[in-house]
Amino acid sequence: MKTTILGIESTSHTFGIGVAALIDNKPAILANIISRYVPEKGGIHPREASQHHITEAPKVLKKALETAGISINDVDGIAVALGPGLGPCLRVGATLARFLASYYDKPLIPVNHAVAHIEIGKMMFNLSDPLVVYVSGGNTMIVIQKKKRYRVLGETLDVAIGNLIDTFVREIGLAPPYIIKGKHVLDVCAEWGSNFIELPYTVKGNDLSFSGLLTATLRIAKNISKDDRNAIGDLCLSFRETAYNMLVEVSERALALTHKKSVLLVGGVAASKYLDRKFKIMTSIHNASYYVVPPEYAGDNGAMIAWTGLLLYLHKRFIEPINAIVKQRWRLDEVVLPWLPD
Amino acid sequence: MASRLIKIAHGAEAILFKTMFLGYDAVVKIREEKPYRHPVYDRSFRLRRTITEAKVVSQLKMLGLNVPALFFIDLSNYMLVMEYINGSKLSDIIQSLSEDYVEELASKLGIQAAIMHKNKIYHGDFTLANIIISKGEPYIIDFGLSGYSTDIEEYAIDIHLLMRSIEALAPEKAEVFMTSFWRGYCNILGKEFCRSIKERVSEIRLRGRYIEESLRRKIRHERYM
C-alpha cells in the first residue's frame, strides 16, 4: 500500500514543493525542493517574492518529481498551503495547485501552514502530545493540542520574533543579507560583544511583546558609532539575550502549566543554536524531553505541506478547486484536525 | 523556628516547599537561578520579582482579598514565606466541575479581580494555574509579574490572559466562566468602567496574529459607533 501526496508551499519568501508518502503505514519524505527569494535591500516585498515564485515554480515542480522518482500521475492528491501568509505569494501556490488538481483530476487538499510546521515535527520524532513552540518570521506561539485543535496558549502581542530580529539588524545597517554562511548576522554581531545591557523585557503570563524591546534597542543604536564594533556587539548580544529569554520564559511557564512531557521547537527561527541551547537547559530543569526540527524542515518547505496533506487525505478533507481561495489570516486554532484526540 | 521542608511544586520560576512557620501551615517560595539567563540579568530579575510579590501580596491581604498572608521575606535568598492555601489549582480541576459551580467560582473571582484592579494593581499572569480553590473560595496566588499601574491596558491584559487560559484548558466551559466572571467584576467596578475594559480586552485579542480581517474591521467599526 502506498499513498503519495504532493505539497506546495508559497506563503512567504520560500517556494517549495515536497512529496510525502505512506508506504505500508510508514511515513517517508520522497522530495523536498525549495527556492528562496532573497531581497536585495529591505525586507520581503510581496510582489517581488511572488514574481520569484512564478518563475521558479515549474523548475521546482520538475525537480521535486524527479527526486521522488515519480510522475505527476502517480500522485494521489495535491496539497497546498492556503494560509496564513502574504496574499500575492499564496496565490502562486494556490493557482498551481488548482491547475494540477483539475487538469490531472486529483483531489485538492487545503493545508494550514502553521499546522504543517507542527505536524512535520511530530512525525519526525514520533511525538503524540508535545508542547509546541512555533517561532518564525511571522509567528511566535506556544501551542498545545486539545479537543481536535491546536490551541494557542501564548503568543506575541505585536511583532513576531523572526521579524523582530530581521528588523533590528536591517535598521542598524547589518542586513540584508540576513544569513551569511548559514549564520544569522545577529549572531555574527553578538560575537563582537561581551557586556550585558539591560533592555525592556515584557512578559505577560504566557504572552510576550517585543515592540518595546525593538524601539529601545534602536534608540540606543542611534547613539553608537557604526565603527564601534564592541558597542554594537554588546547591543546585539543583549538584544538577542533579552528576546530569547522572554521566549524561553513564556515556554517555561506554559510547560509548568500543562505538565507536558516533551517540548517541540518548530519554524524558521528554530535553527538558532543559541535559542537551542537555552531550550535544552530549560527543558532539562523540568525533566521534559526536547526536540528541534532540523533546518531543512524547520524553515518553510513543501515536505511539511505534503505530509500534512497526506494526513488530511486519509480523512478525505478535500475541496473543489473553485473553492480553494487563499486565506491570509487563517489562524491555527480555527482548523479542526480529525487525527487529534478529543 | 521552621520545621521540615517538603517540596510541593517546581513552578516556572520558583520552587515551593511546604513547612510549618510559627505554628501555621506555610509555603516557602524560592526563586531559583535560571542557568539559561545571563547572570546579571538573572539576579536583578529574581530580586525585583521577589520584592514586587511581597509588596503586592501584603497590600492585597490588608484589603481583605483572598490571597496568602506574607509571613517572612529574605531577599538575599530570593525567598518568601507565605500562608499555605489548602486546595486545588483551578487549572487541575476545572474539567471536573459542574456548570453551576463554575459559575459561582467565576463570579467570586470576578469580584476579587475587580477589587485588585480598583486598587491599581495588576497580576500579570492571571491564569487558571494561579487560582486555588479552597473551601469553595477562589484564592489568587503568584504575584511575581504583578505591578502597580493606572493604565487600563494592564487590567485588560489580566482578563485577556484569564480568558485565553480557560479557552485553552477547558474550551467548553469558557463562555459560562467568562459571563459569570464579568458579572462579578462589573458589579464592583460599575458599568462604565467595565465597558471600557471589555473594549480594551477585545482590542488586545485583535492584536494577536492572523485574526480574520472581517472581524477586525467589525470591531474597529463598532468602536466609532
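The values are calculated or read from the model by the stated rules, or taken from the named source; none is laboratory data. In this text the structure is predicted, and so the values were computed from the model without any measurement. Here Cβ is always computed from backbone atoms with ideal geometry, including for glycine, and neighbour counts include all displayed protein chains.
Things worth noting here:
- Top-ranked residue of region B:1-19 - restricted to ones that are touching an Asp or Glu at 6+ places or on another chain (Cβ under 8 Å) and not in a strand (DSSP E or B), ranked as farthest from the other protein chains (Cβ to nearest Cβ): B:GLU13
- Failed condition for A:LYS327, given (1) at the interface with another protein chain (Cβ under 10 Å from one of its Cβ atoms); (2) out of contact with any Gly (no Cβ under 6 Å at 6 or more places or on another chain): (2)
- Within region A:113-125, the set of residues being within 14 Å of another protein chain (Cβ to nearest Cβ) and within 22 Å of A:THR258 (Cβ to Cβ) comprises A:ALA114, A:VAL115, A:HIS117.
- Single residue of region A:53-88 satisfying the filter (within 14 Å of chain B (Cβ to nearest Cβ) and assigned to a strand (DSSP E or B)) that is nearest to A:LEU311 (Cα to Cα): A:ALA81
- Selected residue (criterion: surrounded by the fewest Cβ atoms within 10 Å (Cβ to Cβ)) from residues of region A:195-225 that are out of contact with any Asp or Glu (no Cβ under 7 Å at 6 or more places or on another chain) and of a type in the set (Ser, Thr, Tyr): A:SER225
- Search result, residues across region A:146-193 that are within 13 Å of chain B (Cβ to nearest Cβ) and part of a strand (DSSP E or B): A:LYS146, A:ARG149, A:TYR150, A:ARG151, A:VAL152, A:LEU153, A:GLY154, A:GLU155, A:THR156
- Which listed residue, of A:SER128, A:SER102, A:SER136, is closer than 25 Å to A:HIS259 by Cβ and not β-branched (Val, Ile, Thr): A:SER128
- Residue among B:ALA156, B:ALA114, B:ALA106 that is within 14 Å of chain A (Cβ to nearest Cβ) and surrounded by 22 or more Cβ atoms within 10 Å (Cβ to Cβ): B:ALA156
- Any hit, region A:92-105, residues being in a loop (DSSP other than H, G, I, E, B), of a type outside the set (Val, Ile, Thr) and touching a residue at least 40 places away in the same chain (Cβ under 8 Å): no
- Sole residue being within 11 Å of chain B (Cβ to nearest Cβ), under 26 Å from B:ILE166 (Cβ atoms) and either out of contact with any Cys (no Cβ under 8 Å at 6 or more places or on another chain) or hydroxyl-bearing (Ser, Thr, Tyr) (or both), chosen from A:VAL133, A:VAL143: A:VAL143
- Scan of region A:194-228 for residues that are within 14 Å of chain B (Cβ to nearest Cβ) and either out of contact with any helix residue (DSSP H, G or I) (no Cβ under 6 Å at 6 or more places or on another chain) or among the aliphatic types (A, V, I, L, M) (or both), ordered by number: A:SER194, A:ILE197, A:GLU198, A:LEU199, A:VAL203, A:ASP207, A:LEU208, A:SER209, A:SER211, A:GLY212, A:LEU213
- Where a residue in region B:83-99 is charged (D, E, K, R) and its partner, wherever it lies, is surrounded by 17 or more Cβ atoms within 10 Å (Cβ to Cβ) and assigned to a loop (DSSP other than H, G, I, E, B), with Cβ under 9 Å and at least six apart: B:GLU83/B:VAL67; B:GLU83/B:PRO68; B:LYS89/B:ILE141
- Any hit, region B:125-133, residues being within 16 Å of B:ILE51 (Cα to Cα) and in a loop (DSSP other than H, G, I, E, B): no
- When residues of region A:105-131 are limited to those that are closer than 16 Å to A:LEU314 by Cα and of a type in the set (D, E, K, R), the one surrounded by the most Cβ atoms within 10 Å (Cβ to Cβ): A:GLU119
- Residue within region B:50-62 that is under 30 Å from A:PHE196 (Cβ atoms), more than 14 Å from chain A (Cβ to nearest Cβ) and acidic (Asp, Glu) present: yes
- Of all residues in region B:43-67, those that are under 28 Å from B:LYS135 (Cβ atoms) and either of a type in the set (A, V, I, L, M) or in a loop (DSSP other than H, G, I, E, B) (or both) total 10.
- Restricted to helices (runs of 4 or more DSSP H) entirely inside region A:226-342, those with at least 2 residues that are over 20 Å from A:ALA116 (Cα atoms) and in contact (Cβ under 8 Å) with a residue 12 or more places away in the chain are A:229-258, A:273-285.
- When A:ALA270, A:ALA254, A:ALA288, A:ALA303 are screened for being over 25 Å from B:ASP42 (Cα atoms) and either at pLDDT 95 or above or crowded, with 21+ Cβ neighbours inside 10 Å (or both), only A:ALA303 passes.
- A search for C-beta distances below 7 Å between a residue of region B:20-43 that is within 14 Å of chain A (Cβ to nearest Cβ) and without any contact (Cβ under 8 Å) to a residue 40 or more places away in the chain and any residue that is surrounded by 17 or more Cβ atoms within 10 Å (Cβ to Cβ) and part of a loop (DSSP other than H, G, I, E, B), counting only pairs 6+ apart in sequence or on different chains, returns B:ASP42/B:LYS34.
- Scope region A:14-35; condition in contact with a Gly (Cβ under 8 Å, 6 or more places away or on another chain) and either of a type in the set (Val, Ile, Thr) or at pLDDT below 95 (or both); matching residues: A:THR14, A:ILE17, A:VAL19, A:ILE29, A:ILE33, A:ILE34
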